[in-house]
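Enquirer: Handing you this structure, nothing more for now.
What follows draws every value from the coordinates through simple rules; no lab data is involved. Worth saying up front: this structure is predicted, and the values here are computed from it rather than measured. Using ideal geometry, Cβ is built from the backbone for each residue, glycine included, and neighbour counts are taken over all protein chains shown.
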Amino acid sequence: MSMSEVIQQVTKWLAWGGSGLGILTILAYLFRWGIKFRLTGITIFTLLLSASCWAFEQSYTPPYNVEGYKYAPIVYDNGFDLVVAQASDDFPEEAIHPTLLQIASNLKGGNRNGAQVKVRLRKIEPAGDGISKPIILGEVINDLKESKIIELTKRNYLPNNDLSDMADNDEDYSFETYE
């Protein structure tokens, strides 16, 4: 059973339980039972839980899954327009594209205010004497305003792997859009 189905079932059961407790509370007031104030609190709390579960159910979106994705932890997120994930040393080449799509698709808007978020996948290679350099394996741009992902495909080799000007140079790179 998925998380959304569990929340849906819990919401129903809490609503029915709160309704039943509400009827019992009304009876407690009519027959002047000593437990009427406790029933009032339990009824209100149960209905509040039901309303909270319903609100969560309305706002919950399950994570987007891409076939071929391989886990790469996010090592940097400036909270606005750049997210960097770290690939392991033995990261397969065929998993780069699905991993970038998975990470970009699961980004939430938050305080990004409709920005175009660059999602990069990198790995670290030793450069000698305790120094290492990041190698960019791939990059996509998630346009939160337009709700689409723009994939940047490298055509020419960049000796320093600097992809900062990638979106500005149309003749060196091709663009694919995913909606």
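Enquirer: Under 28 Å Cα to Cα from Lys36, which lysines show up? Leave out anything in the same chain fewer than 8 places away.
Expert: Lys12
Enquirer: How far apart, in nanometres, would the label points at Leu49 and Asp143 be if each is projected 7 angstrom from Cα along the Cα-to-Cβ direction?
Expert: 4.6
Enquirer: A further question on this structure: Using the basic label-point model (7 angstrom from Cα toward the beta carbon), what is the Asn106 to Val10 distance in nanometres?
Expert: 2.0
Enquirer: Please list, in order, the residues from region 100-138 whose amide nitrogen is less than 17 Å from a point placed 7 Å along the Cα→Cβ vector of Val66.
Expert: 100-109, 116-123, 136-138
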